[in-house]
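The values are calculated or read from the model by the stated rules, or taken from the named source; none is laboratory data. What you are looking at is a predicted structure, and each value in this text was computed from that prediction instead of being measured. Here Cβ is always computed from backbone atoms with ideal geometry, including for glycine, and neighbour counts include all displayed protein chains. To get the accessible areas, we keep the full protein, side chains included, count just its heavy atoms, and leave off ligands, DNA and RNA. Shrake-Rupley method; radii C 1.70, N 1.55, O 1.52, S 1.80 Å.
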Amino acid sequence: MFARTVLTSLLDYPKSISIVVFTVGCNFRCPYCHNPELVLGRVEKATEGEILEEIHRRTITNRVVITGGEPTIHEELLDFVRTLKKESYLVKLDTNGSNPELVEQLLREGLLDYVALDFKASVGNFHSVTGLDHDTARDMFEKVLQTLSILKKYAVPHEVRTTYVPGLMDEDDLAFIGRIVEGSTWYLQRFRAQKTLKSLPGIETPNDEVLHKLASRFGALVR
């Protein structure tokens, strides 16, 4: 389930130092993904016990971020988070929203303190942005909508993130997402052309001016 790499971060948990653990594998194949080795499982792996030992060694903070890859594809996630909460850690989950049932169970048990949801695109471009076939993409899109609804229902502190990839998505996607996420904090993230899952010839990193104009137009913040 876990990559051996564990980081200490100033950026991943709002306004706090955090310990970042990475899960291996993902059910999406976003061509622009900047963690291809995690998605494809080409990393050195660690057991849950080894990860917990590493977390215990980092006494500088009690905040843990679980990211990936996609954490919710792993059945073991629930028990792992239960263990962290028993030890009084605050837990942030990064997810693509494809497993609303597990997210709701985690929230029902009071196990999550913050959630970051990736909302990739509107339904029309969801397949190209996620690298999935049309039918699977349509199903996953509905699951992401369910996950967002669950986050709002439980009123858990959360944010929605969209990586703006010119050429794979357009302004209609941003307009749609802006309407759907109303009431949630929404960030536009910068696509970076280095080290992607697939080659994206002709697609470049958008500059600050473009990103800030889009964010202002559609009601997002920039990250």
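Kindly indicate whether any position in region 53-60 is farther than 28 Å from residue 186 by Cα, out of contact with any helix residue (DSSP H, G or I) (no Cβ under 6 Å at 6 or more places or on another chain), in a loop (DSSP other than H, G, I, E, B) and among the basic types (Lys, Arg). Yes, region 53-60 contains a residue that is farther than 28 Å from residue 186 by Cα, out of contact with any helix residue (DSSP H, G or I) (no Cβ under 6 Å at 6 or more places or on another chain), in a loop (DSSP other than H, G, I, E, B) and among the basic types (Lys, Arg). Could you list, in sequence order, all residues of region 66-112 that are over 17 Å from residue 147 (Cβ atoms) and among the acidic types (Asp, Glu)? Hits for region 66-112 are 75, 76, 79, 87.
Name the residue that is nearest to the chain's Cα centre (by Cα), counting only residues in region 81-136 that are among the hydrophobic types (A, V, I, L, M, F, W, C), part of a helix (DSSP H, G or I) and over 30 Å from residue 203 (Cβ atoms). Result: 103.
Looking across region 53-72 at every residue that is of a type in the set (A, V, I, L, M) and within 21 Å of the chain's Cα centre (by Cα), the one that is farthest from residue 99 (Cα to Cα) is identified as 55. Checking each residue in region 110-163 for being among the hydroxyl-bearing types (Ser, Thr, Tyr), in contact (Cβ under 8 Å) with a residue 60 or more places away in the chain, open to solvent by 10 Å² or more (accessible area, probe 1.4 Å) and under 16 Å from residue 26 (Cβ atoms) picks out only 163. One residue stands out in region 137-169 among those that are assigned to a helix (DSSP H, G or I) and among the charged types (D, E, K, R): the one that is farthest from residue 93 (Cα to Cα), namely 138.
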